[in-house]
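Chemist: This is the structure I have questions about; it appears just below.
The values are calculated or read from the model by the stated rules, or taken from the named source; none is laboratory data. All of these numbers come straight from a predicted model, not from anything done at the bench. In this analysis, Cβ positions are derived from the backbone assuming ideal geometry, glycine residues included, and neighbour counts consider all displayed protein chains.
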Amino acid sequence: MSTLEIKDLHVSIETEQGTKEILKGVSLTINTGETHAIMGPNGSGKSTLASTIAGHPRYTVTSGSITLDGDDVLEMSVDERARAGLFLAMQYPVEVPGVTMTNFLRTAKTAIDGEAPSLRHWTKDVKTAMADLKIDPAFANRNVNEGFSGGEKKRVEILQLELFKPKFAILDETDSGLDVDALKVVSEGVNRAQEKNCMGTLLITHYTRILRYIKPQFVHVFVDGKIAEQGGPELADRLEDEGYDRYLKVQA
Ligand code: ADP
Ligand code: MG
Ligand code: MG
């Protein structure tokens, strides 16, 4: 088992008005095999948490820690984070002109594993994963994300997740812009990666819709840069009925 541990994390950004603290002491522990949902109103800092785990240079950690099995994630480069087993969707370029999907996936897989995958297994794995995700085989020879629709990009994101076999996936608003069919296919992909590879998942979402297909054991409500409440799946059901008003009133 592996553990991703976030302890009392404080994160700031520089704005024209000066330094602004966005995360105000976030603590969260995720083990492989577990699914955690972070839910919260817009502007509460959810994407900031995802970007900080991803190593986005814009975000400065002023105190606290992120460790993976005790290793300091904050000391790692973005590539090192991927090699350590973290999957962070936004670390991959939106479009890569002149690089086909096939080449991109194999190059990335080689970088993450430290060795090239055996060609025979790899070709089969890619074919199977693409079929599972209902991705047209022709995509293999298209340039990365070039002219892909929003839904196609999400499927390709999950394709990477199935092929790279990370220990932990941080999925920020993976449900946004997907119709119900695409949402189902994408969710099934996440669930497969979870079952097959015992992946730990941090599912960040504003809406409860995706939680019909991906079932979290733990739900954390994010308000104003902090976890305001923690619970099980029943908390997501309550948020679906009541929204976030309750938390925002307390704040005001
Ligand atoms: P969420 O994902 O929950 O909607 P964000 O993490 O995107 O929240 O944003 C949290 C707060 O930090 C918001 O007030 C947002 O305006 C601010 N913020 C986040 N990133 C930046 C940035 N790069 N520049 C300026 N403000 C930012
Ligand atoms: Mg955020
Ligand atoms: Mg966000």
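Chemist: Being part of a strand (DSSP E or B), within 17 Å of ALA169 (Cα to Cα), within 16 Å of ligand 2 (Cβ to nearest atom) and in contact (Cβ under 8 Å) with a residue 12 or more places away in the chain: is that true of ILE66 here?
Modeler: The answer is yes for ILE66.
Chemist: Look at segment 225-251 and say how many of its residues are within 16 Å of ligand 2 (Cβ to nearest atom), under 22 Å from the mean Cα position of the chain (by Cα) and hydrophobic (A, V, I, L, M, F, W, C).
Modeler: Number of matching residues: 2.
Chemist: Only one residue in ASN191, ASN103 is of a type outside the set (A, V, I, L, M) and more than 20 Å from ARG212 (Cβ to Cβ), so which one is that?
Modeler: Of ASN191, ASN103, the one residue that is of a type outside the set (A, V, I, L, M) and more than 20 Å from ARG212 (Cβ to Cβ) is ASN103.
Chemist: Mind counting the residues in segment 1-55 that are farther than 17 Å from MET199 by Cα, of a type in the set (D, E, K, R) and crowded, with 20+ Cβ neighbours inside 10 Å?
Modeler: Looking only at that region, the number is 1.
Chemist: I've got another one for you. Could you say which residue among ILE170, ILE135, ILE158 is within 16 Å of ligand 2 (Cβ to nearest atom), under 22 Å from the mean Cα position of the chain (by Cα) and not aromatic (Phe, Trp, Tyr)?
Modeler: Only one candidate qualifies: ILE170.
Chemist: Follow-up question, since we're still on this one. State yes or no: is SER44 within 11 Å of ligand 1 (Cβ to nearest atom) and either under 16 Å from ALA89 (Cα atoms) or touching a strand residue (DSSP E or B) at 6+ places or on another chain (Cβ under 6 Å) (or both)?
Modeler: In short, yes.
Chemist: What pairs come up if the first residue lies in segment 215-234 and is farther than 11 Å from MET39 by Cβ, the second is assigned to a strand (DSSP E or B) and away from ligand 2 (no atom under 16 Å from the Cβ), and their beta carbons are under 6 Å apart, counting only those six or more places apart or on different chains?
Modeler: If the second residue must be assigned to a strand (DSSP E or B) and away from ligand 2 (no atom under 16 Å from the Cβ), the pairs left are GLN217/THR35.
Chemist: Let me ask something additional. Could you check segment 161-184 and list, in sequence order, the residues that are touching a residue at least 24 places away in the same chain (Cβ under 8 Å), surrounded by fewer than 19 Cβ atoms within 10 Å (Cβ to Cβ) and farther than 23 Å from HIS56 by Cα?
Modeler: Selection gives GLY177, ASP179, LYS184.
Chemist: Right, here's the next one. Could you grab me the full set of residues in segment 114-133 that are assigned to a helix (DSSP H, G or I) and in contact (Cβ under 8 Å) with a residue 12 or more places away in the chain?
Modeler: TRP122, ASP125, VAL126, ALA129, MET130, ASP132
Chemist: Shifting gears a bit: Quick one: would you say PHE222 is at pLDDT 90 or above, within 16 Å of ligand 2 (Cβ to nearest atom) and aromatic (Phe, Trp, Tyr)?
Modeler: Against the criterion (at pLDDT 90 or above, within 16 Å of ligand 2 (Cβ to nearest atom) and aromatic (Phe, Trp, Tyr)), PHE222 qualifies.
Chemist: Condition test on LYS165, is it out of contact with any helix residue (DSSP H, G or I) (no Cβ under 9 Å at 6 or more places or on another chain) and closer than 27 Å to TYR213 by Cα?
Modeler: It is false that LYS165 is out of contact with any helix residue (DSSP H, G or I) (no Cβ under 9 Å at 6 or more places or on another chain) and closer than 27 Å to TYR213 by Cα.
Chemist: Name the residues in segment 36-54 that are of a type in the set (Gly, Ala, Ser) and out of contact with any Ser or Thr (no Cβ under 7 Å at 6 or more places or on another chain), would you?
Modeler: The answer is GLY40, GLY43, SER44, GLY45, SER47, ALA50, SER51, ALA54.
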